[in-house]
Amino acid sequence: MTITWAALADTEHQVDHTEVEYDARIVAELLDYIRWLADQDSSLPITIGDVWSLYHEGVRAGRHWSEVCEDIGLPVRTDW
């Protein structure tokens, strides 16, 4: 698992409340995925780079979650 180059370059930009409010449904999907992931395998190591990549690619860049998960090496949910 790894951080994407685009997410790494985006680390200088803070996440503020207006961004989260504007994209609330997508942020909720991200949190739901993390909760689902913990239910699948609690021993799976997840780094902050993984979480940031999910946020950047899924919320900010608007990519489909399954593509993002495949790119960074995380399990893909079948019910997306």
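Taking other C-beta atoms within 10 angstrom as a stand-in for reagent exposure, LEU74, LEU30 fall in the order LEU30, LEU74, fewest first.
About its Cα centre, how strong a charge dipole does the chain have in debye, to the nearest 20, once Lys and Arg get +1 and Asp and Glu get -1 at the Cβ? My answer is approximately 80 debye. Among (i) 13.5; (ii) 12.8; (iii) 16.5, find the value of Kirkwood radius over Cα pairs in Å that was calculated from the structure presented, and write down its label. Among (i) 13.5; (ii) 12.8; (iii) 16.5, the one derived from this structure is (ii).
FRET efficiency for the pair VAL20 and ILE46, taken as 1/(1 + (r/R0)^6) with r the Cβ-Cβ distance and R0 = 22 Å, rounds to 0.65.
Averaged over residues, the count of other Cβ atoms within 10 Å places the peptides 39-45, 3-9 in the sequence 3-9, 39-45, highest first.
If I build a Gaussian network model for the chain, linking alpha-carbon pairs within less than 10 angstrom, which residue out of HIS64, HIS13, HIS56 has the largest mean-square fluctuation? Looking only at HIS64, HIS13, HIS56, the largest GNM fluctuation is found for HIS13.
Quick note: the coordinates plus some simple rules give every number you see, no bench work behind them. Every value quoted in this text rests on a predicted model; they were computed, and no experiment measured them. Cβ atoms come from the backbone with ideal geometry, glycine included; neighbour counts cover every protein chain shown.
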